[in-house]
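Read the figures in this text as sums done on the coordinates, not as results from a lab. Since this is a predicted model, take the numbers as computed values, not measurements. Ideal geometry is used to build each Cβ from the backbone, glycine not excepted, and the neighbour counts take in all protein chains shown.
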Amino acid sequence: MSRLLLCLLIVACAESVHAQRRHRDILQPFLKSYCVKCHGAEHQKADRRFDRLSVLKNDVEKAEVLQEILDQLNLAAMPPEDETQPSAAELKRVVVLLTSSLAKAREETRQNVGKVVLRRLNRVEYRNTIRDLFQLKMVDFDPTTTFPADDSTAGFDNVGEGLVTSDYLLRNYLEAARKVADKAILPGAQPQMIHYHTGGKATPKSAPKDLDSINADKVGRREAGRMFIKYRQPLGLTLLDKKRGVPVDGEYVIRFTAQAVRRKSRYKDEDLRYNSNEPMRLSISIDSRELGASAHRIIGEYEIPDNEVIEVEHHVWLEKGFTFHVHWANGPNGSFKRILRKVLPKYNQDALFPIRNPPEMYVGSGPELHVHTLGIEGPFYETWPPPGFARFFPNPPEKPDANYLDESLVRVASAAFRRPVSHKEMEPYIALARAYLAKHGDFWAAAKYGVRAILASPNFLYLAETTSAGSNSRKVSDHELSSRLSYFLWSSMPDDELRTVADNGSLSEPKVLRKQVERMLSDPKSSAFTENFTGQWLGLRKLGEMPPDPEKNQAYYEDKLEDAMRQETQLVFAYVLRENRSIMEFVHSNYTFLNSALARHYGIADIAHEGFQKVSLKPKSNRGGLLGHGSILTATSNGVETQPVARGIWVLENLLGTPPNPPPPDIDPIEPDTRGVATIRQLMEKHRKNPTCYECHRKIDPIGLSLENYDYVGAWRDRYSKKLRIDSSGKLPDGTVILGPSGIKSFLLGRPEQFTQCLTEKLFVYALGRRLSFADRDDIDQIVTVMPQHNYGFGALIQQIAASEAFHIK
Amino acid sequence: MVVAFRGHGRESNCQPTDGDPARVFTKLFVSDNPKLKQQTRQFLDEDASILDVVRKDAQRLNKRLAKADRDKLDQFLTAIREVEQKLKRQKDWLDIAKPKASDKAIRGGDDDDTIVDLAYPYNTSVMYDLMVLALQTNSTNVICFGHPGGNRLFPFEGITLGYHSLTHHGKRPDLLQQLTIIETFYAEQFSRFLTKLKETPDAMGQSLLESTIVLFGSGMGNASSHSSRNLPIMIAGGGLRGGSHHRFERHGRDGRPLADLFVTILQRLGIEQDAFSTSTSNLNHLLT
């Protein structure tokens, strides 16, 4: 035995001696001639030092440095253009050497690196998992609002390494589990319906008792069975007691009949702060007294025709305690008091004597929105008991016993842990619930208690990938694979179909896997991938952190441009994904998705209708491609002015995959002096004179400045002021001269491999939930190589990642 | 107990805060009804039993994990231990009566018709008053309070731009003038707070300011250039030597990181620490 080991060691040593010699003969002289001047004993630019590589003890560390050198050489980014350049032959020799020795190092270290660190569900994943586990409507019910934000590692908040579990979070888990159990476990008969109705022919006397709680008097008036709204009122009309709201969770139907009256009146629009050219609109909002302002939400808006009564029926899921209101969405703005005091006297001399002429005299002369009838009915359910309850507690007997309790809890855990569980494994949980049942005799309270414990289990809260004793296999099990897939594409747990192919062990077959990925991408739940991946890769989550000045940017707020911009980017992303279009369309495309407000913001005329739609772009539109998206241009600004440096870094990091190093700690930031006509370009040039700054800023600044034609909310501009034209030209470090956004776009379009690699790396981090190591390079390189054959299709790229080796080993 | 305004960043990850004066008052001074207390007690007991089960499960899972994963799960086990301690402490607190305090601070006085405005920025003085009440009644020993900046338009005479826009003044005099209006408001409110602390006696009969260390400042020395150097910091109370302005150079013998001040504060509070974060020493020679 010991002899065998010895032999192996000798072979390994001989191999490494050979490699060492080649490094000594080829690599070291190369580094000495071209690199060590800046990255050696004297200077360590960008914190890199290459003269002592041979003494690096840690092989992985050394390999990562060598990988970086290789990448820089391949990109022709180093040595800098103004330094001595190696000959083509020299370069080739070093590149070949590094490539082969790195491949070998990867092979050797594969066993030790590239492991996924135990991943905890992040906030979004937790919420989605609860939604799918119990089939709950999680629109207005969100038990995660008090969870702390998740830290992001390597750019993403689903990386296990960075996801900590504090006592504060654990307490939140316990509380959330209590709320969820109450929502999900619904024994007994279907709840009774409520029917509230007012107006129309039904006189108040014949209406149900609850009509007394009508809240209409306060805000409009009830008159012969009809109400009207005179101006934009924060409260609006309702039928429900605002303290109690609806009695149980369920679907409700809100019905009303309404009519626009005197849309144009003798009162001038500017006096009423109102636009009489628009059709009147009535909106329905919901809110909850218990949850406060955060629960308020507009659920629907309807155009109300002039002098014609229309009937509207709106279906909505309401959580217990929620109330609804109807409002005049575009009625006269401000308070009724203002209209009475400031507007009325202008038109009616008599109004100066309010005692003789009650305020109501406005009524009947100004524009009004009449609501003739208003009603609410519900709750309705597609099935009862609800499917999310019945799947775990099927056909509950009249008096369920402890055995039924055991079986039900095993069913819950098997879904919640995303793998089969045994009775034996569940013993502690079962004992807990049984003890409760024995003590209190309340079966359903005991069931809830057991479910609460399951939802606090590490098997639920973490995506545990276990090793079985005695096995060296690093291949993930089919159940582990199904979780990896579903958290990658849905940010949630596997559904029944995915679970079935995991249960029967066929998921890891390439054909089955392909089909599942395809199915999952076309499922609406894949919107979680769009939202979470773009939110982090493109930094869309930062949008709104530094909002622009409300005074100077009224359209931005009135037209809800922030939401519209975010939506544009998400729609483009989802479209490219769904249609398997080329990922290069993220750099440039001749279409985008706009609504009328965003089209206006971009200066694009004649689009078909108000809502979001695919719009073809003219060559000179300056849009198309992520760099023309308002979302990214706004998120990289600070709400006051553009930040070319931030934009330049954004491109280097997210499109080119070559993030610059952070500035050295002892450099003072530039102090902006906007007195006079100093442009941001002049300020930056001053900064770049400093050689320490120049090193990185020669890469950053030209890119950022090329986007200066987009202002801090992404609108197009040709000049800063009357006197000052914008100069968006620049020269990249490799000598390429670029002019404006189209210049930087062509530069990127000329480097499809680099962009593909950058996006692939980001996708890998997100898909695996871990940092990448140099051991992943084979997988990534292989994907980058085959993408041209797939016409850079985004769907194909996702398939490649799901099929990659890294995705299947733990 | 933390009384502070909520940050607006989605990624902010600090202790949850409460910026609603009425809610803060209720939390500090209005006792829960017995039914709610009973229910809370039951939840605390139930959660403790759940944690027992979950711990066993975690220990079992631990054996089947790789080394790096075990370290991660250790965090979870630690969290369980900490929550267990906190559940116990919270149960003890349930039986301790909350101090009584007049709700004048949030409702206004009976004698005059002072209207208390609970909307920011006007509620700043109300929050400061609540802090005095909380310290006076010994409801808490530590309070954090932050002013939300954002790009809101302050409803003051002469303000035409959002707060954030003003901080990027680029040395323009008109913007600096507006910024001064807002910062004067902050300073006045703070001064009013210190005066109130000085005039209010603590349980021992001495001035509250004597027994309270108050630290006030900004995370930026020059917001216009986004510089976090040379921070404006004010420290008051706690029996520290006051009344002078100290300048610290960036480098050399007189250079001092802010953490040096924190060491002095810790020591003053009786915590025997001679280092904190990036501290190099302390500022005892200037302040004590």
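The slack in the chain from A:Lys552 to A:Arg24, taken as 0.36 nm per residue of separation less the alpha-carbon distance, amounts to 183.7 nm. Projecting the Cα positions of A:Ile229, A:Ser152, A:Phe533 onto the charge dipole of chain A (unit charges on Cβ atoms of Lys, Arg, Asp and Glu, taken about the Cα centre) puts A:Ile229 furthest along the positive direction. Per residue of A:449-459, other chain Cβ atoms within 10 Å of the residue Cβ number 5 on average. Karplus-based coupling profile of the range A:321-332, in residue order and whole Hz: x, 7, 10, 10, 9, 10, 10, 8, 5, 10, x, x, with θ = phi - 60° in 6.51 cos²θ - 1.76 cosθ + 1.60 and x standing for Gly or Pro. Each principal axis of the Cα atoms in the range A:390-463 has its own extent, and those three values, largest first, are 36, 24, 18 angstrom.
For the range A:672-810, the direction-averaged projected area of the alpha-carbon convex hull comes to 11.6 nm².
Ignoring the sites themselves, chain B has its longest run without GluC sites (Glu not before Pro) in a DSSP loop having at most 15 other Cβ atoms within 10 Å at B:12-156. If you take all other residues with their beta carbon under 10 Å from the beta carbon of A:Leu318, and give Lys and Arg +1 and Asp and Glu -1, the sum is -2.
How are the C-alpha pair distances of the range B:31-98 spread across 5 Å bins, as whole percents from the shortest bin up? With a bin width of 5 Å, the distribution comes to 3, 15, 22, 17, 13, 10, 8, 6, 4, 2. Evaluating 6.51 cos²θ - 1.76 cosθ + 1.60 at θ = phi - 60° for every residue in the range A:764-776, the Karplus couplings come out as 4, 4, 5, 5, 8, x, 8, 5, 8, 10, 5, 5, 7 Hz, glycine and proline recorded as x. For the range A:391-434, what does the alpha-carbon gyration tensor say about shape, rounded, prolate or oblate, given a ≥ b ≥ c as the root eigenvalues, a/c under 1.5 as rounded, and a/b over b/c as prolate? Cα axes put the range A:391-434 in the oblate bin.
Convex hull volume of the C-alpha atoms in the protein assembly as shown, normalised per residue: 234 Å³. The aspartates and glutamates within cross-link reach of A:Lys525, meaning a Cα-to-Cα straight distance under 17 Å and a gap of 8 or more places when in the same chain, are A:Glu125, A:Asp132, A:Asp495, A:Asp496, A:Glu497, A:Glu579. Once you've got the Cα coordinates, tell me which of A:Lys762/A:Lys810; A:Lys183/B:Lys56; A:Lys320/B:Lys37 are over 21 Å apart. Result: A:Lys183/B:Lys56; A:Lys320/B:Lys37 exceed 21 Å.
Note on B:145-154: average number of Cβ atoms from other chains within 10 Å of each residue's Cβ is 2.
For A:Thr642, the residues 5 or more places off, or on other chains, whose built amide H falls under 5 Å of its own are A:Tyr712. The order of the peptides A:626-639, A:402-415, B:140-153, A:785-798 by mean Cβ neighbours within 10 Å, most packed first, is A:626-639, A:402-415, A:785-798, B:140-153. Couplings for the range A:253-263, taken from phi via the Karplus curve 6.51 cos²θ - 1.76 cosθ + 1.60 with θ = phi - 60°, read 10, 9, 10, 8, 10, 8, 7, 8, 10, 6, 4 Hz in order; Gly and Pro are left as x. For the Cα trace of the range A:374-416, dividing Rg by the Kirkwood Rh returns an Rg/Rh value of 1.18.
The convex hull drawn around the Cα atoms of the range A:753-808, when projected onto a plane and averaged over every direction, covers 3.4 nm². Amide H to amide H distances under 5 Å link A:Phe380 with A:Glu251, A:Tyr252, where only residues 5 or more positions off or on other chains count and H is placed in the peptide plane. Per residue of B:164-171, other chain Cβ atoms within 10 Å of the residue Cβ number 6 on average.
A straight line joining the Cα centroids of the range A:556-622 and the range B:41-68 runs 49 Å.
Within straight cross-link reach of A:Lys268, meaning Cα distance under 19 Å, which lysines are found once same-chain residues fewer than 8 apart are removed? Hits, sequence-local ones excluded: A:Lys230, A:Lys337, A:Lys342, A:Lys346. When the pairs B:Lys27/B:Lys98; A:Lys62/A:Lys475; A:Lys689/A:Lys723; A:Lys264/A:Lys552 are compared against a 20 Å limit on Cα-Cα distance, A:Lys62/A:Lys475; A:Lys689/A:Lys723; A:Lys264/A:Lys552 fall above it. This ranking places A:Trp537, A:Trp490 by how few other beta-carbon atoms lie within 10 Å of each, fewest first, which gives A:Trp537, A:Trp490. Taking the number of Cβ atoms within 10 Å of each Cβ as an exposure proxy, the fewest-first ranking of A:Lys810, B:Lys88 is B:Lys88, A:Lys810. Remark: chain B projects, on average over all directions, an area of 21.3 nm² (convex hull of Cα atoms). Here the sum of -39500 (n - 2.57) over DSSP H runs of 4 or more residues, divided by the residues of chain A, equals -12000 deg cm²/dmol at 222 nm, to the nearest 500.
The aspartates and glutamates whose alpha-carbon is closer than 19 Å to the alpha-carbon of A:Lys439, local same-chain residues fewer than 8 away aside, are A:Asp401, A:Asp406, A:Glu427, B:Asp45, B:Glu46, B:Asp47, B:Asp52.
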